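The values are calculated or read from the model by the stated rules, or taken from the named source; none is laboratory data. Source: prediction; values computed, not measured. Cβ placement follows ideal geometry from the backbone for every residue including glycine, while neighbour counts extend to all protein chains displayed. Side chains are part of the model used for accessible areas, which takes the heavy atoms of the whole protein and leaves out ligands, DNA and RNA. Shrake-Rupley method; radii C 1.70, N 1.55, O 1.52, S 1.80 Å.
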Amino acid sequence: MIVNFEGSLNNKLPQIGPSIFSVMSAMAYAHGAINLAQGFPDFDCSADLKNMVSKAMENGYNQYAPMPGLMSLREKIAVKTEQSYSAIYHPETEITVMPGATLAIYAAITALIKDNDEVIIIEPAYDSYIPAVELAGGKAIVYEMAFPDYKIDWNQLKKLINFKTRLIIINSPHNPTGTILSSEDIRKLEKLVENTDTLILSDEVYEHIIFDGYEHQSVARYPKLANRCIIVSSFGKTYHTTGWKMGYVLAPANITAMIRKVYQFMAFAANTPIQHAYAEILDRPEMFLELGSFYQAKRDYFKQAIKTSKFKQYACNGSYFQLLGYEKLSELNDIEMAKYLTIEKGIASIPVSAFYKRKTDHKVLRFCFAKSEDTLSKAAEILCKL
Ligand code: PMP
Ligand code: GLN
């Protein structure tokens, strides 16, 4: 064991400890609890996809990929984006592959935000946004969606916009609430930012996990808005490969150039054989086109299985998260409740207060249903007994 350094250290994120995802996954593991906390599938990805990675390795694709990503993969992403959203992004200048959406978000924020720039964060929000903004020297301006509908009142949000507002971060389908933005939402956003210098970072990692006949409203569908948008997506969500950490960024050429400038010093390039595999699997669009119905069946299975429980079920139209309110069950705050359920009852979830800067607690927990029916039914059995 090395003795701690005794000099002074710059603590750049003094308020921040380990992420709630690490904390709850470790707790689930330590207590042998069913882990519906951190968002990842408990089933395997496609055997064909794994074979494609092995084949790429066997074929000697084991050295650096080009900095913005393999051209073959960027071309396939361009095709998928055009087919999905009727939007044309040029592989050479407008598409960049990176090691995961978290890093892509960090690269974009680092590239575009500087001292005292304001960034509007819509809460509850994925936990990486605010630290990324603050590390870049920016200021996070928080807008809390009204509980219990988790909808954005754009007239309220408008009041937060001023000449310092450099970026607004949106996320649909939404983690943790499972809500989605409608075309009306996007139109309102478009209106809000016209004639401003405000950019939009649109986190669309769950773009293909959308239910009940809704179509994902990618900002790419809205040409007037898209010229100020940075869209981030993740192959990890789409192909059940969260551990492979691969995502991409779509943005107009001038914004992409700024992001790439920073990104080349963060990772330089993403994993080569895995890029080959995704380039190959993108020839099978049914894999992402069927994802919505695949996860909708899991959502429905889980919701049905916990129907007799005392939990309040919130609406979920996308993502693989179901919010459950436990007001009828306990007076504990949500962090204590999540701990209690993990340690005493054997089921782990994420307290939704973790997605708020102010740690707003509505007595709601997030459960990930990207799990096998067996796992979901065991989880439901526990939840129904409470
Ligand atoms: N954004 C949101 C909303 C997420 O839920 C996740 C999943 N962790 C990410 C970004 C990051 O994705 P990745 O695993 O590709 O970094
Ligand atoms: N996106 C996943 C979640 O929300 C995992 C995030 C993470 O582990 N950083 O649970």
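Using unit Cβ charges (K, R positive; D, E negative) and no other charged atoms, how large, in debye to the nearest 20, is the dipole of the chain about its Cα centre? Walk me through the intermediate numbers first.
Numbers: 41 positive and 42 negative charges, 113 e Å.
Using Cβ point charges on Lys, Arg, Asp and Glu, the chain gives about 540 debye.
Karplus-based coupling profile of region 8-13, in residue order and whole Hz: 8, 10, 7, 8, 7, 10, with θ = phi - 60° in 6.51 cos²θ - 1.76 cosθ + 1.60 and x standing for Gly or Pro.
Three principal axis extents of the chain based on alpha-carbon atoms, in descending order, are 57, 56, 52 Å.
Reported to the nearest whole Å, the Cα centre-to-centre distance from region 319-360 to region 145-161 is 23.
With distances taken between every two different alpha-carbon atoms, region 1-101 has a Kirkwood hydrodynamic radius of 18.8 Å. Per-residue 3J(HN,Hα) values for region 172-185, derived from phi via the Karplus relation 6.51 cos²θ - 1.76 cosθ + 1.60 with θ = phi - 60°, read 8, x, 9, 9, x, 8, x, 7, 10, 8, 8, 5, 5, 4 Hz in sequence order (x marks Gly and Pro).
Taking amide H atoms as placed 1.01 Å from N in the peptide plane, the amide H of L201 lies under 5 Å from those of I168, I169, I170, I230, each 5 or more residues away in sequence or on another chain.
Its residues counted as N, region 257-305 yields a C-alpha radius of gyration over 2.2 N^0.38 Å of 1.83.
Sequence-ordered 3J(HN,Hα) estimates for region 331-346 from the Karplus curve with 6.51, -1.76 and 1.60 and θ = phi - 60° stand at 9, 4, 6, 5, 5, 4, 5, 5, 5, 4, 5, 6, 6, 8, 10, x Hz, glycine and proline given as x. Summary value for the chain: 25 percent relative contact order, contacts being C-alpha pairs under 8 angstrom separated by 6+ residues. Over region 75-231, the fraction of Cα-Cα pairs per 5 Å bin, rounded to whole percents and listed from the shortest bin up, is 2, 9, 18, 23, 22, 16, 8, 2, 0. Comparing M67, A47, I121 along the charge dipole axis of region 20-135, the residue lying farthest to the positive side is A47, per the Cβ-charge model.
In loop segments of region 161-206 as defined by DSSP, the trypsin sites (Lys or Arg not before Pro) with at most 16 further C-beta atoms inside 10 Å of their C-beta are K164.
Is region 120-211 best put as rounded, prolate or oblate by its Cα gyration tensor, with a ≥ b ≥ c the root eigenvalues, rounded for a/c under 1.5, and otherwise prolate when a/b is larger than b/c, oblate when not?
Working: a/c = 1.58, a/b = 1.21, b/c = 1.30.
The shape class here is oblate.
The portion of the accessible surface of the chain made up by carbon and sulfur, rounded to a whole percent, is 52 (1.4 Å probe; DNA, RNA and ligands excluded).
The magnitude of the dipole of region 230-386, with charges of +1 and -1 set on the Cβ of Lys/Arg and Asp/Glu and taken from the Cα centre, is near 480 debye. Plainly put, region 169-274 has a radius of gyration that is 0.99 times its Kirkwood radius, both from alpha-carbon atoms, as the Rg/Rh ratio. Among S172, S202, S19, which one shows the highest mean-square fluctuation when the chain is modelled as a Gaussian network with alpha-carbon springs under 10 Å? Residue with maximal mean-square fluctuation among S172, S202, S19: S19. Annotation note: chymotrypsin sites (Phe, Trp or Tyr not before Pro) in region 173-267 located in DSSP loop regions with a Cβ neighbour count of at most 15 within 10 Å are Y214, F265.
On a per residue basis, the chain carries 46 Å² of accessible surface, using protein heavy atoms and a 1.4 Å probe. Take every Cα pair under 8 Å whose residues are at least 6 apart in sequence, average their separation, divide by the length of region 284-386, and the relative contact order is 32 percent.
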